[in-house]
Every structure is written in structure tokens, then in C-alpha cells.
Amino acid sequence: MTDLPPPSTKKLGLVIDLDTCVGCQACATGCKQWNSGGMAGPVTDEDPYGKDPSGVWFNRVHSYELEKTEEQPAMTLHFPRSCLHCETPACVTVCPTGASYKRASDGIVLVDEDKCIGCKLCSWACPYGAREYSEVEGVMKKCTLCVDRIYNENLPESEREPACVQVCPTRARHFGDLGDPESKVSKLVAERGGVALMPELGYAPVNRYLPPRPRRAGNEVELPVVESTSDATPRRWLDRILRR
Ligand code: SF4
Ligand code: SF4
Ligand code: SF4
């Protein structure tokens, strides 16, 4: 089993706006493109042009048609899913070799592939389905928060952010320090009532999702207005979707 470092004050993560995500998959393909050639690469594919293609994707975008209910009008929701860089991640503590680890300096959760024995315990432990096993290489992989971009002094400063954030055409993805209440991302989360995914499980995810703004469709019911991060309505709504 692997120990966690003391809690870091810096908590780097993503904020994803479900109001403006259009499900275009640019973040998924941009992620794959960058990481295939980066420190986490190769990000493998199996039978990519066959009837049943599969492979490693650090970021997957799921789209749902939501029926009209008392809480919401009928709508399409696009839901990007990647590692949430939890503060107390089960995928790390369950790892028998120390391959899975959380960085003390900035909270990023990573895998040291040289130590990974491919036992898959971490993927069973992660309730968010964020781990990706490479059948080709026999090792576990995952979102690195583009650690090889965000500190990369060979890149212009404006490009030192995750690939998925850079390529999103609707600017639905944001990156920053969620441990700093004065950061842009923390202020955005406070302003929009951002929520953590299934916090009741106790792993303290760092990433946040911004719920869709209230929609009006003819005389249909409006979504309730979210006033604070403690509001349970959008969280219940997200949880229901993730459990499908
Ligand atoms: S690139 Fe942006 S808009 Fe497109 S699926 Fe990803 S988050 Fe949504
Ligand atoms: S698959 Fe690798 S990273 Fe995951 S628990 Fe096993 S050794 Fe650790
Ligand atoms: S932060 Fe980097 S590794 Fe993680 S989903 Fe975005 S592009 Fe992929």
C-alpha cells in the first residue's frame, strides 16, 4: 500500500463548465495528441479502424439526453470525465508498489510506469473510472494534468496549461490552483456554484464542475438557481448521470 503525502496547500485542478461544453470531443483528442508524444505516451489504441476499437483515453466525453422532469427541462448534457486529482485518492493508497502517487508540491496524482505491475487495483478503487489500463504496454495510465506542459519553460507562458484547456473551442475548461481562494478558478467556482463529484465518498476530488445555467423552454420549468457550493441539487443531478 502507498502512503499519501501531507495535504498540500496548492491544489491544481480543472474546472469544467457544463453550461458551455458542446460535446465536440476536442479536449479528448487534444489530450490524446499531446500525451501520445509526451511523458505519459504512447497513449495506445487497439484495433483503431476495426469494428470494436478500444484504447487509452485520459479524457472521455459522455453525452446524455435528459428527459423533462420537475427539476429540469429536456436537454442534452455533455459530460467530460478525467482524473479529479483527489486529495485522499483511493487509487494511491491501494497501490502495492508505490507506482501510484500524489505529489506533495501541487497535489497532482501520477503513475510511475516503471514501478507499475499492472495489477489494476487502482482502477477498481477509483469510483470515477479515471484510470486507463494499456493492454499494449501492460501498465496503468491516467490524466497527468499535463504536468509536462504546465511547468514547461520551453513553451511560451500562454501555453503552459493543459492541452484540453488550450483546445476547447468554447472555453468550457479552466485550469488553476483550487487551493487558493483568490485564484481565478476558485472565484469562478464560487460565483457559479461549482460542485465536486460524489464528495460523499470521501476522496475529496479537487476538480469542479459548473452546472448548466437555468434554461427556459416555452412554459417549461426552469432549473433551480444555484447559490452556493453546498447546494445539493446540481450535485445530485450530476451523480445520477455518472451512475448510469
Ligand atoms: S473541448 Fe470543450 S466543448 Fe468540446 S467536449 Fe471538451 S469541454 Fe466540451
Ligand atoms: S496497476 Fe500499477 S498503478 Fe495501479 S495499483 Fe497496480 S501497480 Fe499501482
Ligand atoms: S489535463 Fe492533460 S492529461 Fe488531463 S485530461 Fe486534460 S489534456 Fe488530458
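Mind listing just one residue for me: the one in the range 7-35 that is small (Gly, Ala, Ser) and under 18 Å from the mean Cα position of the chain (by Cα) and, of those, nearest to ligand 2 (Cβ to nearest atom)?
In this case the residue turns out to be 13.
This table checks each residue for (1) open to solvent by less than 40 Å² (accessible area, probe 1.4 Å); (2) touching a Lys or Arg at 6+ places or on another chain (Cβ under 8 Å).
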position: 1; (1), (2): no, no
position: 23; (1), (2): yes, no
position: 76; (1), (2): no, no
position: 109; (1), (2): yes, yes
So is residue 56 more than 28 Å from residue 6 (Cβ to Cβ), surrounded by 20 or more Cβ atoms within 10 Å (Cβ to Cβ), at pLDDT 95 or above and within 15 Å of ligand 2 (Cβ to nearest atom) or not?
yes
Does residue 161 fit the bill of being acidic (Asp, Glu), within 22 Å of residue 11 (Cα to Cα) and within 16 Å of ligand 3 (Cβ to nearest atom)?
yes
Which of the following residues is open to solvent by less than 10 Å² (accessible area, probe 1.4 Å), among the small types (Gly, Ala, Ser) and within 12 Å of ligand 1 (Cβ to nearest atom): 28, 40?
28
Going by what's in this entry, would residue 87 be described as touching a residue at least 40 places away in the same chain (Cβ under 8 Å), away from ligand 2 (no atom under 16 Å from the Cβ) and either open to solvent by 20 Å² or more (accessible area, probe 1.4 Å) or in contact with a strand residue (DSSP E or B) (Cβ under 6 Å, 6 or more places away or on another chain) (or both)?
yes
Which of (1) open to solvent by 40 Å² or more (accessible area, probe 1.4 Å); (2) more than 21 Å from residue 19 (Cα to Cα) is the odd one out, the single condition residue 134 does not satisfy?
(1)
Evaluate the range 198-205: report whether one residue or more is surrounded by 20 or more Cβ atoms within 10 Å (Cβ to Cβ), of a type in the set (A, V, I, L, M) and modelled with pLDDT of 95 or more.
no
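Condition check ((1) of a type outside the set (A, V, I, L, M, F, W, C); (2) closer than 16 Å to residue 12 by Cα) across all residues:
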| residue | (1), (2) |
| --- | --- |
| 77 | no, no |
| 95 | no, no |
| 103 | yes, yes |
| 115 | yes, no |
| 121 | no, no |
| 149 | yes, yes |
| 157 | yes, no |
| 169 | yes, no |
Can you tell me which residues in the range 120-138 are touching a residue at least 40 places away in the same chain (Cβ under 8 Å) and either more than 15 Å from ligand 3 (Cβ to nearest atom) or closer than 11 Å to residue 82 by Cβ (or both)?
127, 128, 129, 130, 131, 132, 133, 135, 136, 137
Given (1) of a type outside the set (Phe, Trp, Tyr); (2) away from ligand 3 (no atom under 15 Å from the Cβ); (3) touching a helix residue (DSSP H, G or I) at 6+ places or on another chain (Cβ under 6 Å); (4) under 23 Å from residue 180 (Cβ atoms), residue 108 misses just (2)
Which of the residues that make up the range 131-171 are small (Gly, Ala, Ser) and more than 16 Å from ligand 1 (Cβ to nearest atom)?
134, 138, 158
I'd like to verify a number: residues in the range 1-39 that are among the hydrophobic types (A, V, I, L, M, F, W, C), modelled with pLDDT of 95 or more and over 27 Å from residue 193 (Cβ atoms), how many?
1
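Listed here are the residues, each with its yes/no results for (1) within 29 Å of residue 211 (Cα to Cα); (2) in contact with a Leu (Cβ under 7 Å, 6 or more places away or on another chain).
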site	(1), (2)
4	no, no
83	yes, no
102	yes, yes
107	yes, yes
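The values are calculated or read from the model by the stated rules, or taken from the named source; none is laboratory data. Note that the structure is a prediction, hence the values are computed from the model and not measured. Reconstructed Cβ throughout: ideal geometry from the backbone, glycine too, with neighbour counts over all protein chains shown. With ligands, DNA and RNA removed, areas are computed over all heavy atoms of the protein, side chains included. Shrake-Rupley method; radii C 1.70, N 1.55, O 1.52, S 1.80 Å.
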